[in-house]
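First comes the structure, then the notes that go with it.
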């Protein structure tokens, strides 16, 4: 196409966006700098070459390099979604209400490790872990308390839950029913990404095959019953935390994404029925421009794969929509206030990279769970970037930077190399089973540690600019008696519920697990009669077995 | 050749964060240790069984979920129960400073917090096994004196000078320590006779508990503060982290007998004039 024609197509795009904006206005009628210099929605190169159109194009359209929406943060800011949860459902409910009152726009649930691994609080395996890294949920009774007074048709909720994702999603649907909210109205996300559990995060339960079945069961169930739900959040975050590079993070995330797409297609689903609900989760790390480029490259790669490899037609199937959390492992226990600055830089990179939602870490997270004050500063960091910095007034402001465009292309090329390698190994699932990604990540983690110890890599406050005799800040402590409290609650529940019904629903689930039916409706039935997470996962453990890493 | 140190790196509880455990396991291998990694989700009982089966010298526990106060002491308790308390337990992870005394009281030999270098951790482990590459510091210059606790200074001086023929250098009172001391010359070193002047003096307590006898050995050093810092960093328990003024215009600091196999050791250096 000629440059002229390209220019024309952009003018056409501008016209259509203007029409939409006329109906649904942007945040301001006019955007300008402090010096009254007008700020355009998007800036384009002088010459609209074919190369530009192929690599970048316009925001909100294929290949989405410049963002998944046409107006990005001029329309509305990203969702400010702080991951929170600790101790009991009562305490966490209080923290949620606090965060919502402070201007947070979505909830994000952290569950404790027993919940994440499908054990009840009174299981021997749960010793010491109840309520530690998140809220303890044993049954629907806890979930009812967790969302008490929070209208589930108004907030969107992200749940960091993987192996037992179907159980927690079922509980959420059941709580909504009690609030009189039907499942079509629910919006939110379950992480539901088992592959990265095997690779990096470690809260797996079942072997890969039945795990993939549970995941595709959810895709299928939600497409009909919970259409606004993001059924998976394919996560590079934990891969990065485990020590990977930015390229590895993007590559392994996309490879995992392709494995889920393949599994869903194999289960007989249509690409455009589930692909629009796939979402992603990235890390916001330190190397500023590389981070920005990582988001841009990932969008371009994903949309091309979905369009060209899988023939997806729905534009939403092509969009790499991403949640970001700033990099937990970059936080230092030393001089913890310095972490506020790290978080700011990382959050800014995610915003300039075009994230759809964002969690900013609290300064004290290398020491313990965040205090209320630390959690507030973290949220304020996002609000300052959104409202005061002006970076939200134009779409993809770093486009056209020689450096950023070069990094975007470089990352794309290196990610594609990795995807090729993984394909040669038999796909992401096979690569995980062979320990390929795990080894690649570990090598980089070890190299980094060595560089820090040699001083080649400076970590402020750790290997340079140290101060002696630091005082530790006040930390949040989880009630050490919570384990006992949850145990007592469980005992009471087991006495007061209808145990015949529970047994009936559990045995129906067992039978279904032996066959090929979608397990979601049966799990929902079991949850409604207050079967516990340990009981439900216990049945599935017996039927499916447990994953043992290589 | 020194026997290879065997280390079990273990992840107790349900925590899945194993970046640190994997990095430390590899670093220890590179340092020449034999390392066994348990993998995730080990109960304290499983960890203790593996440790005994693998005949390890050290267990390194890693926990980032906040369950360390429950899980680490349980490992120590089970080791004792199985008669394997010679296995040293160290730990690391997201562990608040304020939890460390509790863990140490419960038998965790050392807690490595974020930012510890793998080399320091390896050196510590070697030191627990009586192995070391480079010594921590250059040798002290000489034995400055041997301290002997006595009930009656004048009678004791009488004995050492009249019976053994040593030469008395002088007698002085050290108010800060509530003691009277006599120095007796012998070759390049001295004997220091110490008599308490008050019931509260540490020497009075020593006499009560153990009776008269050798109380401490003082080593003459340079760079006293640097040496104290290095010892502290290597996990050696100190009585004085900074030197104080002692007898004879010496700056003195004591190492804890717990850390020195039962001998009270003093590092001393002439106070700058």
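The values are calculated or read from the model by the stated rules, or taken from the named source; none is laboratory data. Just so we're clear, the structure is a prediction, and the values are computed from it rather than from any experiment. Reconstructed Cβ throughout: ideal geometry from the backbone, glycine too, with neighbour counts over all protein chains shown.
Could you tell me which of the residues B:82, B:4 is over 24 Å from residue A:330 (Cβ atoms), more than 11 Å from every other protein chain (Cβ to nearest Cβ), in contact with a strand residue (DSSP E or B) (Cβ under 7 Å, 6 or more places away or on another chain) and surrounded by fewer than 16 Cβ atoms within 10 Å (Cβ to Cβ)? Step through it out loud before you land on a result.
Numbers: B:82 fails: in contact with a strand residue (DSSP E or B) (Cβ under 7 Å, 6 or more places away or on another chain).
Exactly one residue qualifies, and that residue is B:4.
When segment A:99-129 is limited to residues that are touching a helix residue (DSSP H, G or I) at 6+ places or on another chain (Cβ under 8 Å) and modelled with pLDDT under 90, the one that is nearest to the other protein chains (Cβ to nearest Cβ) turns out to be A:99. Can you pull out every residue in segment A:232-244 that is away from chain B (no Cβ under 14 Å) and in contact with a helix residue (DSSP H, G or I) (Cβ under 7 Å, 6 or more places away or on another chain)? A:232, A:234, A:236, listed by residue number.
Suppose the filter is closer than 16 Å to residue B:140 by Cα, in contact with a strand residue (DSSP E or B) (Cβ under 7 Å, 6 or more places away or on another chain) and surrounded by 14 or more Cβ atoms within 10 Å (Cβ to Cβ); does residue B:192 pass it?
Details: closer than 16 Å to residue B:140 by Cα: no; in contact with a strand residue (DSSP E or B) (Cβ under 7 Å, 6 or more places away or on another chain): yes; surrounded by 14 or more Cβ atoms within 10 Å (Cβ to Cβ): yes.
Taking the combined requirement at face value, the residue does not satisfy it.
Checking the stated criteria, residue B:222 turns out to be out of contact with any strand residue (DSSP E or B) (no Cβ under 6 Å at 6 or more places or on another chain), farther than 30 Å from residue B:108 by Cβ and assigned to a loop (DSSP other than H, G, I, E, B).
Out of A:413, A:455, I need the residue that is at pLDDT below 95 and surrounded by fewer than 14 Cβ atoms within 10 Å (Cβ to Cβ). Which one? So that I can check it myself, show each step before the final result.
Working: A:413 fails: at pLDDT below 95.
Step by step, each of A:413, A:455 is checked, and only A:455 is at pLDDT below 95 and surrounded by fewer than 14 Cβ atoms within 10 Å (Cβ to Cβ).
Name the residue that is nearest to residue A:201 (Cα to Cα), counting only residues in segment A:535-550 that are part of a helix (DSSP H, G or I) and touching a helix residue (DSSP H, G or I) at 6+ places or on another chain (Cβ under 8 Å). By that ranking, first place goes to A:537. Does segment B:185-193 contain at least one residue that is at pLDDT 95 or above and in contact with a helix residue (DSSP H, G or I) (Cβ under 6 Å, 6 or more places away or on another chain)? Scanning segment B:185-193, I find at least one residue that is at pLDDT 95 or above and in contact with a helix residue (DSSP H, G or I) (Cβ under 6 Å, 6 or more places away or on another chain), so the answer is yes. The residue that is farthest from the other protein chains (Cβ to nearest Cβ), counting only those in segment B:22-35 that are surrounded by fewer than 17 Cβ atoms within 10 Å (Cβ to Cβ) and either on the phi < 0 side of the Ramachandran plot or in contact with a helix residue (DSSP H, G or I) (Cβ under 6 Å, 6 or more places away or on another chain) (or both), is B:34. Pairing each residue of segment B:93-120 that is more than 9 Å from chain A (Cβ to nearest Cβ) with any residue that is at pLDDT below 95 and part of a loop (DSSP other than H, G, I, E, B), provided the two are 6+ apart or on different chains, yields C-beta distances under 7 Å for B:93/B:64; B:110/B:235; B:111/B:95. Just one of (1) more than 14 Å from chain B (Cβ to nearest Cβ); (2) within 15 Å of residue A:460 (Cβ to Cβ); (3) in contact (Cβ under 8 Å) with a residue 60 or more places away in the chain fails for residue A:347. It is (2). Given the criterion touching a helix residue (DSSP H, G or I) at 6+ places or on another chain (Cβ under 7 Å) and either free of Cβ contacts under 8 Å to residues at least 40 places away in the same chain or within 14 Å of another protein chain (Cβ to nearest Cβ) (or both), identify the matching residue among A:425, A:398. Result of the check over A:425, A:398: A:425.
Is it true that residue A:435 is surrounded by 13 or more Cβ atoms within 10 Å (Cβ to Cβ), more than 14 Å from every other protein chain (Cβ to nearest Cβ) and in contact (Cβ under 8 Å) with a residue 60 or more places away in the chain? Here the answer is no, as residue A:435 does not meet what is asked. When residue B:56 is tested against (1) assigned to a loop (DSSP other than H, G, I, E, B); (2) at pLDDT below 95; (3) buried (at least 17 other Cβ atoms within 10 Å of the Cβ), only condition (2) is not met. Residue check: residue B:14 meets all listed conditions (1) within 13 Å of chain A (Cβ to nearest Cβ); (2) touching a helix residue (DSSP H, G or I) at 6+ places or on another chain (Cβ under 9 Å); (3) assigned to a loop (DSSP other than H, G, I, E, B); (4) closer than 29 Å to residue A:459 by Cα but one, namely (4).
Modelled with pLDDT under 90, out of contact with any helix residue (DSSP H, G or I) (no Cβ under 6 Å at 6 or more places or on another chain), over 22 Å from residue B:7 (Cα atoms) and crowded, with 19+ Cβ neighbours inside 10 Å: is that true of residue B:177 in this structure? Yes; evaluated as a whole, the condition is true for this residue.
From the list A:83, A:64, the lone residue that is within 20 Å of the chain's Cα centre (by Cα), within 22 Å of residue A:171 (Cα to Cα) and more than 14 Å from chain B (Cβ to nearest Cβ) is A:83.
Yes/no per residue for (1) within 19 Å of the chain's Cα centre (by Cα); (2) buried (at least 24 other Cβ atoms within 10 Å of the Cβ):
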| site | (1), (2) |
| --- | --- |
| A:123 | no, no |
| A:126 | no, yes |
| A:135 | yes, yes |
| A:138 | no, yes |
| A:145 | no, no |
| A:151 | no, no |
| A:155 | yes, no |
| A:162 | yes, yes |
| A:169 | yes, yes |
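Candidates in segment A:189-200 are the residues that are without any contact (Cβ under 8 Å) to a residue 60 or more places away in the chain and touching a strand residue (DSSP E or B) at 6+ places or on another chain (Cβ under 8 Å); of these, the one that is farthest from residue A:436 (Cα to Cα) is A:190.
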